[in-house]
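Worksheet: one structure, shown below.
Quick note: the coordinates plus some simple rules give every number you see, no bench work behind them. If you're wondering where the values come from, they're calculated on a predicted model, not measured in any experiment. Cβ coordinates were reconstructed from backbone atoms using ideal geometry, including for glycine residues, and neighbour counts include every protein chain displayed.
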């Protein structure tokens, strides 16, 4: 399968590090701005953030915005460079890969939870800060389901994958490296193994079709159950 936009991927590393830099810079600014305000918060009775909850997702938006801007500036645009508009094949392969990622998350997650019983899930923290089933929680759920997959896939299976392919790194190695970066991005050391396995499954869709749209579908499928759980509790 011919890689989407490989001939224009000389700017892939620039796109990748631009997105990554935006993510960490936004995280640093957000942390610095809120550290004092929430230093004395009782985690058992957190404040309701409402619309401010959406600021938590700003760094993730920048993950995908960096590659998109670089693609518009030096490439042919995200759709032509990465293949963002899904085809029927993208949907079929993405759904299958997403199902595999969900299965890996369920099997490995069950094992890891037994080993780390004191971990609090991100879904539980977000629901507590939103103040229940509000429109802000619904917006957060929508981002978890669609926004995060699009941003993270543009960075990993888009910019980074294209950059590595441009320098003729073997496809299996590209699959493993992007899955590893995907796992590290979530900054949850207790489930790194599970995230890596999920990254392999999601990346397999990208490898099979040569298009990021399929990995976005796989990622969204993988995030569907966590998004539903986030809203329903």
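Length gained on full extension, residue 111 to residue 74, computed as 0.36 nm times the residue gap minus the Cα-Cα distance: 8.8 nm. Exposure proxy shown here: for 184, 82, 16, the number of other Cβ atoms within 10 Å sets the order, fewest to most, as 184, 16, 82. Length gained on full extension, residue 134 to residue 87: 13.5 nm, using 0.36 nm per residue less the C-alpha separation.
Taking 35 Å as R0, compute the FRET efficiency from the Cβ-Cβ separation of residue 31 and residue 95 and round it to 0.05. The formula returns an efficiency of 0.45 here.
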